[in-house]
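Peer 1: Sharing a structure, written as structure tokens. Questions coming.
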Amino acid sequence: MTVQRWNDEMLDDLASIVTELRESITEVRESITEVKDSIDGLRVTAQALLQVAAQNQREMELIKQRQAESDQRFNILLEEVRYLTRGNRDD
């Protein structure tokens, strides 16, 4: 069994690898932070869009309700006109 001793060149290589690994880890952490920030931005945007969609839905319901009321009033007026028209024909 031979024991290999660490020489200066091997220690320098190891130190270089450790430095590169630290830099890579720092870059990965920065990337993760950027991704988290992007996700937070998307979450805020999605919530805002959902609120806008809900508001639009409420407005559409109001428009439909008003349209139904207008249609109902129109039909009542139309029936009154028909009634009056028939009354004038009978005279």
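Peer 1: Check whether at least one residue in region 5-27 is at pLDDT 95 or above and within 25 Å of the chain's Cα centre (by Cα), and report yes or no.
Peer 2: Residues of region 5-27 at pLDDT 95 or above: 15-27.
This time we only want the ones that are within 25 Å of the chain's Cα centre (by Cα), so: none.
Taking every residue of region 5-27 in turn, none turns out to be at pLDDT 95 or above and within 25 Å of the chain's Cα centre (by Cα).
Peer 1: For region 17-39, enumerate the residues that are open to solvent by less than 100 Å² (accessible area, probe 1.4 Å) and of a type in the set (D, E, K, R).
Peer 2: D37
The values are calculated or read from the model by the stated rules, or taken from the named source; none is laboratory data. Just so we're clear, the structure is a prediction, and the values are computed from it rather than from any experiment. These accessible areas exclude ligands, DNA and RNA; they are computed on the full protein's heavy atoms, side chains included. Shrake-Rupley method; radii C 1.70, N 1.55, O 1.52, S 1.80 Å.
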